[in-house]
Amino acid sequence: MKAAYINKTGPPENIQYGDLPAPKPGPTQCLVKVSAVSLNPVDTYIRGGLIQMPLPSPFIIGCDLAGKVAEVGRDVTGFEPGDRVWGSNQGLLGRQGSFAEYCAVDECWLHPTPDGVTDEQAAASALVGITAHLGLVRDAKLAKGETIFVNGGSGGVGSTVVQLSKAIGARVFATAGSDKKIELCRQLGADFVINYKTQNVEVELKKIAPAGVNVWWETQREPNFDLAVGALSARGRMIVMAGREARPPFPVGPFYVKGCSLHGFVMFMATPEEQRDAAEDINQWLVQGKLKANIDRVMPLSEAAASHRLQEESTIGRSGSLAGKIVLKP
Ligand SMILES: NC(=O)c1ccc[n+]([C@@H]2O[C@H](COP(=O)([O-])OP(=O)(O)OC[C@H]3O[C@@H](n4cnc5c(N)ncnc54)[C@H](OP(=O)(O)O)[C@@H]3O)[C@@H](O)[C@H]2O)c1
């Protein structure tokens, strides 16, 4: 089968595209004929060696996938050949990745793809959808009628958080870095969008949420806790999920006096049951049109190295060249 893989961590040029033997499904695995994968910043950190993980050699890159079950292991109970599925959590913790024509996936990480939802939509909603759901529902417990501020509303995670928050019934404020991306956030349902490059976020937030926001979702790798805690309401909740090296100052006094709470997580450490709960809502919202994957572009899998370069420039280099997800097709 064709696959995008590395023999050694390093720059995007280390990604090779070529033939590898197709995997055989283990007893609890489904062999998925992959028709779409999507790229996440974590893929670039693993490929670059910034996150140390045990890696098979050669290592097929990538977490997300969607496609059709081609074969099932003897203990698989939830799927049969021909079922359309999507999933994430591949290419992590010693598992092979998804950027290939076939991928053997433990059934616990797979979810049915509903009729009417394309594989591109499903793949592009996988990791970011589960991430947004875990943060909003399991951790922040965002409720109907509450307010949420999404710092970075146009990105892969942010654009999903905006939509899921609207699906839950919250009032949503967000930031974006250009007029075009402000418009994108509005189309996704944001009630008010601040340009973080030209406007003062603190001042604008005071105008639209004088009593503070119930939830602050931070997508940035260097959170400004003074700003965030200052903008939270009493009993406000804050989500952090990026910036492994970040060590910013933290305003302990204002934080505890307001009774705030801080929640951090990585999606791939969530249990299969937690991810399944998230996937059920995601599927429902995809079918109802409340969640539309924010796909910036679709590329052939043979351009995996170029896609990694682009993602890295946009997320780490802050070039702003992407607005959402890159989907690749084997
Ligand atoms: N913990 C987890 O489980 C988990 C899961 C998924 C992702 N992550 C991490 O979360 C981060 C975001 O991922 P992603 O896929 O959403 O990345 P992304 O698609 O590259 O989005 C980055 C966002 O940051 C915004 N941004 C850049 N500079 C900003 C600033 N100064 N103030 C406010 N916003 C700014 C961009 O806005 P404009 O483009 O509008 O300028 C864009 O919306 C990454 O570091 C990723 O590794 C963690």
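Things to note:
- Residue count, the stretch 82-126 (criterion: in a loop (DSSP other than H, G, I, E, B) and either within 22 Å of Y17 (Cα to Cα) or in contact with an Asp or Glu (Cβ under 9 Å, 6 or more places away or on another chain) (or both)): 13
- Qualifying strands (runs of 3 or more DSSP E) (wholly inside the stretch 127-245; at least 3 residues being within 13 Å of the ligand (Cβ to nearest atom)): 147-151, 171-176, 192-195, 213-218
- Candidates A174, A123, A167, A132, filtered to the one that is farther than 21 Å from L262 by Cβ, surrounded by 24 or more Cβ atoms within 10 Å (Cβ to Cβ) and at pLDDT 95 or above: A123
- Tabulated pairs, the stretch 61-85, first touching a residue at least 40 places away in the same chain (Cβ under 8 Å), second among the basic types (K, R) and assigned to a loop (DSSP other than H, G, I, E, B), C-beta under 9 angstrom, 6+ apart or interchain: E71/K24; G73/K24
- Sole exception among (1) in contact (Cβ under 8 Å) with a residue 40 or more places away in the chain; (2) under 15 Å from N294 (Cβ atoms); (3) in contact with a Lys or Arg (Cβ under 7 Å, 6 or more places away or on another chain) for V215, by number: (2)
- Test result for M238, surrounded by 14 or more Cβ atoms within 10 Å (Cβ to Cβ) and under 27 Å from A4 (Cα atoms): no
- Residue in the stretch 263-281 that is out of contact with any Asp or Glu (no Cβ under 6 Å at 6 or more places or on another chain) and more than 30 Å from R95 (Cα to Cα) present: no
A quick yes/no check of all residues on (1) under 24 Å from M1 (Cα atoms); (2) of a type in the set (F, W, Y); (3) in contact with a Pro (Cβ under 6 Å, 6 or more places away or on another chain); (4) not in a strand (DSSP E or B):
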site: N283; (1), (2), (3), (4): no, no, yes, yes
site: K290; (1), (2), (3), (4): no, no, no, yes
site: V298; (1), (2), (3), (4): yes, no, no, no
site: S307; (1), (2), (3), (4): yes, no, no, yes
site: L322; (1), (2), (3), (4): no, no, no, yes
site: I326; (1), (2), (3), (4): yes, no, no, no
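- Entry remark, the stretch 305-324: residues being farther than 13 Å from T44 by Cα and within 7 Å of the ligand (Cβ to nearest atom) number 5 in total.
- Scanning the stretch 161-216 for residues that are farther than 19 Å from S233 by Cβ and of a type in the set (G, A, S) gives A167, A176, G177, S178, G189.
- Every residue from the stretch 282-314 that is of a type in the set (D, E, K, R) and out of contact with any helix residue (DSSP H, G or I) (no Cβ under 6 Å at 6 or more places or on another chain): K292, D296, R297, E303, E313
- For the stretch 33-44, the count of residues that are farther than 18 Å from L127 by Cβ, of a type outside the set (D, E, K, R) and under 21 Å from the mean Cα position of the chain (by Cα) is zero.
- Filtered residues of the stretch 157-195 (kept if of a type outside the set (A, V, I, L, M, F, W, C), touching a residue at least 12 places away in the same chain (Cβ under 8 Å) and within 26 Å of K141 (Cα to Cα)): G158, S159, T160, Q163, S165, K166, G169, R171, T175, G189, D191
- Any chance A22 is over 23 Å from V128 (Cα atoms) and either part of a loop (DSSP other than H, G, I, E, B) or among the aromatic types (F, W, Y) (or both): yes
- Cβ-Cβ under 6 Å pairs, at least 6 apart or on other chains, the stretch 21-48 side closer than 19 Å to G243 by Cβ and within 15 Å of the ligand (Cβ to nearest atom), far side in a helix (DSSP H, G or I) and of a type in the set (A, V, I, L, M, F, W, C): N40/L127
- Residue list for the stretch 4-15, filter: touching a helix residue (DSSP H, G or I) at 6+ places or on another chain (Cβ under 8 Å) and more than 16 Å from the ligand (Cβ to nearest atom): A4, I6, N7, K8, T9, G10, P11, E13, N14, I15
- In the stretch 253-271, residue nearest to the ligand (Cβ to nearest atom) [restricted to those that are without any contact (Cβ under 8 Å) to a residue 24 or more places away in the chain and within 29 Å of the chain's Cα centre (by Cα)]: M269
The values are calculated or read from the model by the stated rules, or taken from the named source; none is laboratory data. Given the structure is predicted, the values throughout are model-derived calculations rather than measurements. Neighbour counts run over all protein chains shown; Cβ positions are idealised from the backbone, glycine included.
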